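Novice: Just passing along the structure, written as structure tokens.
The values are calculated or read from the model by the stated rules, or taken from the named source; none is laboratory data. These figures come from a predicted structure and were not determined experimentally. Cβ atoms come from the backbone with ideal geometry, glycine included; neighbour counts cover every protein chain shown.
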Amino acid sequence: MKIPYKPQEIESKWQKYWDDNKLFEVDEYTDRPKFYLLCMFPYPSGVLHMGHVINYTLGDAIVRYHKMLGEEVLSPIGWDSFGLPAENAAIRLGIPPEENTVKNIDRMRIQMKRAGWGYDWRRELATSHPGYYKWTQWLFLQFFKRGLAVKKKAPVNWCPNDQTVLANEQVHDGCCERCGTEVIQKDLSQWFFTMSAMSQRLLDNHTKLTQWPENVIKMQQEWIGRSEGARIDFTITETGDKVPVFTTRPDTVFGVTFMSLAPEHPLVEKLVCGTPQEREVMDAVKRMRQLGTSVKELLGLEKEGVFTGFHITNPVNGDVVPLWVANFALMTYGTGAVMSVPAHDQRDFEFAKKYGLPIKVVINPKDSRLDPQTMTEAYVADGVQVNSGQFDGMPNREAMSAIISWLDKNRFGSRTINYSLRDWLLSRQRYWGVPIPIIYCESCGLVPVPDDQLPVTLPKNVEFKPTGESPLKQCSDFINTKCPKCGKPARRESDTMDTFVDSSWYMYRYIDPRNENAVFDSDLVNKWAPVDFYIGGIEHATMHLIYSRFFACVMHDMGLINFEEPAKRLFCQGMVCKTAHYCNTCKWLQEDEVNAGVCLKCGATVVSEVAKMSKTKLNTVNPDEIMNKYGADTMRLYILSDTPPDRERIWSEEGVHGASRFLHRLWDMVHDKLSDLTANSANLGERSDDKKLLRITHRTIKQVTGDIDQNIQFNTALARVYELVNAIKSSNDCSPAVMREAIETLLKVLSPITPHICEELWSKLGNTQSLLTTRWPELREEALIEDTITVVVQINGKVRTKLTVAPDITEDDLLNTAKSDEKVSTMIEGKQILKEIVIPKKLVNLVIR
RNA sequence: GCGAGAGUGGCGGAACUGGCAGACGCGCUGGACUUAGGAUCCAGUGGGGCAACCUGUGGGGGUUCAAAUCCCCCCUCUCGCACCA
């Protein structure tokens, strides 16, 4: 009688078993080798998506593998639970963010348990919980006390109608997404972490990250954007104001024919104020600043500028050149001022051509001379200095450092390294975030909230209005307080923190999650951290992964931790994609609304594309539905099979079905073989399939171990597992011991991926302890040895035949065997053998003529 | 534009430091068992050819006894950055 495979039944059974036996609870004081695996925690949207499924299944499989290696494995989970969506829901639907968040977390926790992901739930944390954000605030104050958290002015997108700050994605075509009013740039005083000062250290520490993907390192390097050059101080001819610029081409400083300031440059307003050209300049500035706000995609945008009426004196030669405001000059890079050398910079060249500004050549190619009149583009390559005073005739590479030294000596400038990494703007004019624990007092100024008054909690009875204004600002109970220093009435900071602050240190709190007296116990964290294996999406390559590296450096300097990098090894999983269908009239369509490329609603032709799963494109798959239909093991198996985990995968229902079928076959097969294993196995002696099955069993161990441990290639690991299954099936003449070893090995190596079915079958084999507490199968090298091997014989590089020979055959014997092969001998008969190549154990190649 | 990566059957993808291209799976074809099959089992499956054999890893050239793999040129796609002075 056949016992049917009922995934849902056995899955809940084993989930309860793991739970009851506390198999994922960690003893932080253990003497065993530790392993800390962390998956990036989710925002609690209320429903799991396939991106979570790949991320957490991958993590869980590695966790289970390491547990089977006998390590004490820390695998925590929590919630990145502050953020905009909850606040928007509060505004739209009137649900308080906290209530909504708790409800969503409860729902997702159930889904996670159903998927069979093993976590130490005693360590669960939520960044929106006061027990957590108390310490986010404490860390902020530590940063503040070290001068790493500072207040300075910064431009924000401001809607004059709603009187509120807008995030970049809330600005559409320069207008407020909510009311359509034109958005302006407004300077607000905001909190920053002075991360830019850490630029070089963040770059240098990359050398420690040998187990991070190279592309992440590259992206970070570009993000930090180090460039070497010089600072040169120019002077406003009319007023004497100093204007420092940064340039990577100090060798072209004699060729400056104008200067460009960023529209936001503070000098612009200061200079033109009260002049006849004020209106024209400021109008242009306003226009240019607007372009900068939102639609960066509006590329190819025309170089634009306006003459300020003022001039600049070039310190190196006394040249007086016009001062312009230009839209290509960025306030956020360098000093916000560019020395413009149209002859040798393409951007400056285009600008000069457009506005009829002079072009002055200071570097000529080796064997020719440039003529400013006929140039059609800037000459940016190397050459020889001309029109450059005492540097004439010098190769420009040499001139670079010579000019810098000379500038330095004459105090016109100096060698400088510039970074594009900016300070971290962490103020958010929002409710649902960590309140910044600062009090403003009229007599004492800016006062940090004393540690014993932390946490500064979010008030609950606030009103969410659709204006976008933070409710904190209007909440007088919250805002009004007493100065901790002098006791006089004072006001609280109403901004909250960027949620990236919360996620910059959560990996340490997991280790000591309920500590009420300290952010964490440093000894414990130094034992468990850094994270051994960190898994998450590539979209965090620059933001989260730079912020948390910055935090680690600071916390190291504070003496909280004794390392500078949060994670030793990083793995970024690929996106989950699915075909999406678009109809011009009916917009995005569900899978079942399309047939043979035609829209079933209107009959129009449908355009289909593979795209990342998203709600708007209607190409999502709900994990709950997959688990209902096939069970968690099938979902886990499918998501790890076929495609390497770091690549984008295309969801296919057939693939899921195939995974399900495999598990059914596995189930049936083990049941079929059960009687062979329990049969009286007193009969001794080797059986005909023994050696082969044993060899395949151990080959599987070897390859699966490598694929999981080193390569993180579950697709190839699974291919090997499938081969073992096929081998077991076709082995009809085996001794019970060999068969048992094969099946037990199979269940062990498969268990990290599909743990429930493996546990169930494992127990049916008569085992009483969980696979999680057994040991990963050990490789016996001698079992891999083959009796015979296949060697290829090529003639002129083409395979002509294959030989079956003993593995230890000598090269001479191999060559002779090849030559005397019937087919080969007829082919080489009467020909001249020019060369004989013998690669032991692989091939023989005869070159003949 | 700059930077990085990738192009292999109908599809997802294998292939160690150059050594049998297409592992494994999906799909498809034929067959078996079935009242039935989105079940299971057997066989087949890069293309061409009855066959021996020929041909084949985006295109072109090169190195080599031997190239998916190394070198040069070109094409296409994906990702990241995007006026970075």
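Novice: Would you mind telling me which numbered condition in (1) outside any helix (DSSP H, G or I); (2) modelled with pLDDT under 95 A:GLY51 fails?
Specialist: (1) is the only condition that A:GLY51 fails.
Novice: What number of residues in segment A:313-330 are away from RNA strand B (no atom under 14 Å from the Cβ) and not in a loop (DSSP other than H, G, I, E, B)?
Specialist: 5
Novice: So, in segment A:333-380, of the ones that are of a type in the set (Ser, Thr, Tyr) and touching a residue at least 60 places away in the same chain (Cβ under 8 Å), which residue ends up surrounded by the fewest Cβ atoms within 10 Å (Cβ to Cβ)?
Specialist: Of everything passing the filter in segment A:333-380, A:TYR333 is surrounded by the fewest Cβ atoms within 10 Å (Cβ to Cβ).
Novice: From the residues in segment A:70-116 that are assigned to a strand (DSSP E or B) and free of Cβ contacts under 8 Å to residues at least 60 places away in the same chain, which one is nearest to A:PHE464 (Cα to Cα)?
Specialist: Within segment A:70-116, the subset assigned to a strand (DSSP E or B) is A:72-74, A:78-79.
Remaining after also requiring free of Cβ contacts under 8 Å to residues at least 60 places away in the same chain: A:72-73, A:79.
Details: A:GLU72: 46, A:VAL73: 43, A:TRP79: 23 Å.
Per the criteria, the residue is A:TRP79.
Novice: Answer with yes or no whether A:VAL285 is β-branched (Val, Ile, Thr), assigned by TED's automatic domain parsing to the domain that holds A:GLY336, within 13 Å of RNA strand B (Cβ to nearest atom) and at pLDDT below 95. Let's see the steps before the verdict.
Specialist: On the way: β-branched (Val, Ile, Thr): yes; assigned by TED's automatic domain parsing to the domain that holds A:GLY336: yes; within 13 Å of RNA strand B (Cβ to nearest atom): no; at pLDDT below 95: yes.
It is false that A:VAL285 is β-branched (Val, Ile, Thr), assigned by TED's automatic domain parsing to the domain that holds A:GLY336, within 13 Å of RNA strand B (Cβ to nearest atom) and at pLDDT below 95.
Novice: Could you grab me the full set of residues in segment A:226-247 that are within 8 Å of RNA strand B (Cβ to nearest atom) and surrounded by 15 or more Cβ atoms within 10 Å (Cβ to Cβ)?
Specialist: Just the residues of segment A:226-247 that are within 8 Å of RNA strand B (Cβ to nearest atom), to begin with: A:227, A:229, A:245-247.
Listed by number, the residues that qualify are A:GLY229, A:VAL245, A:PHE246, A:THR247.
Novice: Same structure again: Report those strands (runs of 3 or more DSSP E) wholly inside segment A:514-627 carrying at least 2 residues which are small (Gly, Ala, Ser). Steps first, answer last, please.
Specialist: Values: elements: A:531-537, A:567-573, A:576-583, A:587-589, A:606-612.
By residue number, A:531-537, A:606-612.
Novice: If you don't mind, another one. Please go through (1) within 14 Å of RNA strand B (Cβ to nearest atom); (2) outside any loop (DSSP other than H, G, I, E, B) for A:GLN390 and return the number of the only condition it doesn't satisfy.
Specialist: (1)
Novice: Right, something else. Go through A:ILE538, A:ILE561 for me and flag whichever is within 27 Å of A:GLY59 (Cα to Cα), surrounded by fewer than 20 Cβ atoms within 10 Å (Cβ to Cβ) and touching a helix residue (DSSP H, G or I) at 6+ places or on another chain (Cβ under 8 Å). I'd like the intermediate steps shown before the answer.
Specialist: Details: A:ILE561 fails: surrounded by fewer than 20 Cβ atoms within 10 Å (Cβ to Cβ).
Just one listed residue meets the conditions, A:ILE538.
Novice: Scan A:HIS66, A:HIS49 and give me the residue that is under 25 Å from the mean Cα position of the chain (by Cα), within 30 Å of A:ILE708 (Cα to Cα), in contact (Cβ under 8 Å) with a residue 24 or more places away in the chain and surrounded by fewer than 21 Cβ atoms within 10 Å (Cβ to Cβ). Quick ask: steps written out before the conclusion?
Specialist: Working: A:HIS66 fails: surrounded by fewer than 21 Cβ atoms within 10 Å (Cβ to Cβ).
Every option except A:HIS49 fails the conditions.
Novice: Residues of segment A:201-218 being closer than 22 Å to A:GLY574 by Cβ, surrounded by 15 or more Cβ atoms within 10 Å (Cβ to Cβ) and without any contact (Cβ under 8 Å) to a residue 24 or more places away in the chain, which ones?
Specialist: The answer is A:ILE217, and nothing else.
Novice: What's the total number of residues in segment A:715-738 that are under 13 Å from A:THR697 (Cα atoms), within 11 Å of RNA strand B (Cβ to nearest atom) and polar (S, T, N, Q)?
Specialist: Of the residues in that region, 1 qualify.
Novice: While we're on this one: Of the residues A:ASP382, A:ASP423, A:ASP348, only one is within 30 Å of A:PRO450 (Cα to Cα) and within 16 Å of RNA strand B (Cβ to nearest atom); which?
Specialist: Numbers: A:ASP382 fails: within 30 Å of A:PRO450 (Cα to Cα); A:ASP348 fails: within 30 Å of A:PRO450 (Cα to Cα).
The unique qualifying residue is A:ASP423.
Novice: Only one residue in A:VAL386, A:VAL325 is more than 25 Å from A:GLY305 (Cα to Cα) and surrounded by 13 or more Cβ atoms within 10 Å (Cβ to Cβ). Which one?
Specialist: Numbers: A:VAL325 fails: more than 25 Å from A:GLY305 (Cα to Cα).
After ruling out the rest, the residue left standing is A:VAL386.
Novice: Right, something else. Name the residue that is farthest from A:LEU58 (Cα to Cα), counting only residues in segment A:541-550 that are in contact (Cβ under 8 Å) with a residue 60 or more places away in the chain and not charged (D, E, K, R).
Specialist: So the first thing to find is which residues in segment A:541-550 are in contact (Cβ under 8 Å) with a residue 60 or more places away in the chain, and the list is A:541-542, A:544-547, A:549-550.
This time we only want the ones that are not charged (D, E, K, R), so: A:541-542, A:544-547, A:550.
Working: A:ALA541: 18, A:THR542: 22, A:HIS544: 20, A:LEU545: 19, A:ILE546: 23, A:TYR547: 24, A:PHE550: 27 Å.
This residue is A:PHE550.
Novice: Any residue at all in segment A:393-413 that's hydroxyl-bearing (Ser, Thr, Tyr), outside the structural domain of A:CYS486 (by TED's automatic domain parsing) and either farther than 24 Å from A:ASP477 by Cβ or not in a strand (DSSP E or B) (or both)?
Specialist: The first filter runs over segment A:393-413 and keeps only residues hydroxyl-bearing (Ser, Thr, Tyr), leaving A:401, A:405.
Applying the additional criterion that residues be outside the structural domain of A:CYS486 (by TED's automatic domain parsing) yields A:401, A:405.
Then drop every residue that is not either farther than 24 Å from A:ASP477 by Cβ or not in a strand (DSSP E or B) (or both), which leaves A:401, A:405.
Yes, segment A:393-413 contains at least one residue that is hydroxyl-bearing (Ser, Thr, Tyr), outside the structural domain of A:CYS486 (by TED's automatic domain parsing) and either farther than 24 Å from A:ASP477 by Cβ or not in a strand (DSSP E or B) (or both).
Novice: Starting from residues that are in contact (Cβ under 8 Å) with a residue 12 or more places away in the chain and assigned to a helix (DSSP H, G or I), keep the ones in segment A:219-248 and report whichever is farthest from A:GLN200 (Cα to Cα).
Specialist: The initial filter retains those residues of segment A:219-248 that are in contact (Cβ under 8 Å) with a residue 12 or more places away in the chain, namely A:219-221, A:223-239, A:241, A:243-248.
From the residues that got through so far, the ones that are assigned to a helix (DSSP H, G or I) too are A:219-221, A:223-224.
Details: A:MET219: 15, A:GLN220: 12, A:GLN221: 10, A:TRP223: 12, A:ILE224: 9 Å.
Checked segment A:219-248; the qualifying residue farthest from A:GLN200 (Cα to Cα) is A:MET219.
Novice: Give just the number: which of (1) in contact with a Cys (Cβ under 8 Å, 6 or more places away or on another chain); (2) within 15 Å of RNA strand B (Cβ to nearest atom) does A:LEU771 not satisfy?
Specialist: Going through the list (1) in contact with a Cys (Cβ under 8 Å, 6 or more places away or on another chain); (2) within 15 Å of RNA strand B (Cβ to nearest atom), A:LEU771 breaks only (2).
Novice: If we keep just the residues of segment A:787-814 that are touching a strand residue (DSSP E or B) at 6+ places or on another chain (Cβ under 7 Å) and away from RNA strand B (no atom under 11 Å from the Cβ), which is modelled with the highest pLDDT? Step through it out loud before you land on a result.
Specialist: Step one: of segment A:787-814, the residues touching a strand residue (DSSP E or B) at 6+ places or on another chain (Cβ under 7 Å) are A:788-797, A:799-805, A:807, A:811, A:814.
Next, from what is left, pick out any that are away from RNA strand B (no atom under 11 Å from the Cβ): A:788, A:805, A:807, A:811, A:814.
On the way: A:THR788: 83, A:VAL805: 85, A:PRO807: 82, A:GLU811: 86, A:LEU814: 89.
So the residue we want is A:LEU814.
Novice: Here's something else I'd like to know. Considering every residue within segment A:155-164, establish whether at least one is crowded, with 17+ Cβ neighbours inside 10 Å and not in a strand (DSSP E or B). Explain how you work it out, then say what you get.
Specialist: Of segment A:155-164, the ones crowded, with 17+ Cβ neighbours inside 10 Å are A:155-159, A:162, A:164.
Subset that is not in a strand (DSSP E or B): A:162.
Taking every residue of segment A:155-164 in turn, at least one turns out to be crowded, with 17+ Cβ neighbours inside 10 Å and not in a strand (DSSP E or B).
Novice: Here's something else I'd like to know. Check whether at least one residue in segment A:258-269 is hydroxyl-bearing (Ser, Thr, Tyr), surrounded by 15 or more Cβ atoms within 10 Å (Cβ to Cβ) and within 14 Å of RNA strand B (Cβ to nearest atom), and report yes or no. Walk me through it before giving the result.
Specialist: In the first step, residues of segment A:258-269 are kept if they are hydroxyl-bearing (Ser, Thr, Tyr); the result is A:260.
After this cut, where a residue has to be surrounded by 15 or more Cβ atoms within 10 Å (Cβ to Cβ) as well, the list is A:260.
Restricting the remaining residues to those that are within 14 Å of RNA strand B (Cβ to nearest atom) gives A:260.
Taking every residue of segment A:258-269 in turn, at least one turns out to be hydroxyl-bearing (Ser, Thr, Tyr), surrounded by 15 or more Cβ atoms within 10 Å (Cβ to Cβ) and within 14 Å of RNA strand B (Cβ to nearest atom).
Novice: Looking at A:LEU747, A:LEU779, which is the one that is in a helix (DSSP H, G or I), more than 16 Å from RNA strand B (Cβ to nearest atom) and under 22 Å from A:LEU69 (Cβ atoms)? Steps first, answer last, please.
Specialist: Details: A:LEU779 fails: in a helix (DSSP H, G or I).
Going through A:LEU747, A:LEU779 in turn, the sole match is A:LEU747.
Novice: Going through segment A:628-659 one residue at a time, which ones are of a type in the set (A, V, I, L, M) and not in a helix (DSSP H, G or I)?
Specialist: First, pick out the residues of segment A:628-659 that are of a type in the set (A, V, I, L, M): A:632, A:635, A:637, A:639-640, A:650, A:656, A:659.
Passing the criteria: only A:ILE650.
Novice: Filtering segment A:176-200 down to residues that are under 30 Å from A:GLY468 (Cβ atoms) and small (Gly, Ala, Ser), which residue is surrounded by the most Cβ atoms within 10 Å (Cβ to Cβ)?
Specialist: Start the filter on segment A:176-200 by keeping residues that are under 30 Å from A:GLY468 (Cβ atoms), which leaves A:176-196.
In the following step, the residues that additionally are small (Gly, Ala, Ser) were identified as A:180, A:189, A:196.
Values: A:GLY180: 12, A:SER189: 10, A:SER196: 15.
That would be A:SER196.
Novice: Give me a count of the residues in segment A:477-499 that are buried (at least 19 other Cβ atoms within 10 Å of the Cβ), in a helix (DSSP H, G or I) and not hydroxyl-bearing (Ser, Thr, Tyr). Break it down stepwise before answering.
Specialist: Residues of segment A:477-499 that are buried (at least 19 other Cβ atoms within 10 Å of the Cβ), as a first pass: A:478, A:490, A:492-499.
Okay, now just the ones that are also in a helix (DSSP H, G or I), so A:478, A:499.
Applying the additional criterion that residues be not hydroxyl-bearing (Ser, Thr, Tyr) yields A:478.
Selection size over segment A:477-499: 1.
Novice: Which count do you get for residues in segment A:264-282 that are modelled with pLDDT of 90 or more and within 22 Å of A:VAL156 (Cβ to Cβ)?
Specialist: 7
Novice: Would you call A:LEU666 within 38 Å of the chain's Cα centre (by Cα), within 12 Å of RNA strand B (Cβ to nearest atom) and either at pLDDT below 90 or closer than 26 Å to A:VAL610 by Cβ (or both)? Outline the logic, then answer.
Specialist: Working: within 38 Å of the chain's Cα centre (by Cα): yes; within 12 Å of RNA strand B (Cβ to nearest atom): yes; either at pLDDT below 90 or closer than 26 Å to A:VAL610 by Cβ (or both): no.
No; evaluated as a whole, the condition is false for this residue.
Novice: Restricting attention to segment A:606-657, and to residues there that are basic (Lys, Arg) and away from RNA strand B (no atom under 14 Å from the Cβ), which single residue is surrounded by the most Cβ atoms within 10 Å (Cβ to Cβ)?
Specialist: First, the residues of segment A:606-657 that are basic (Lys, Arg): A:612, A:615, A:617, A:629, A:636, A:647, A:649.
Now narrow it down to the ones that are away from RNA strand B (no atom under 14 Å from the Cβ): A:615, A:636.
Details: A:LYS615: 9, A:ARG636: 29.
Among residues in segment A:606-657 that are basic (Lys, Arg) and away from RNA strand B (no atom under 14 Å from the Cβ), the one surrounded by the most Cβ atoms within 10 Å (Cβ to Cβ) is A:ARG636.
Novice: Here's something else I'd like to know. Which one of these is modelled with pLDDT of 95 or more and within 12 Å of RNA strand B (Cβ to nearest atom): A:VAL216, A:VAL253?
Specialist: Details: A:VAL216 fails: modelled with pLDDT of 95 or more.
Exactly one of A:VAL216, A:VAL253 is modelled with pLDDT of 95 or more and within 12 Å of RNA strand B (Cβ to nearest atom), namely A:VAL253.
Novice: I've got another one for you. Go through (1) loosely packed, with under 13 Cβ neighbours inside 10 Å; (2) in a strand (DSSP E or B) for A:ASN418 and report which single condition fails.
Specialist: (1)
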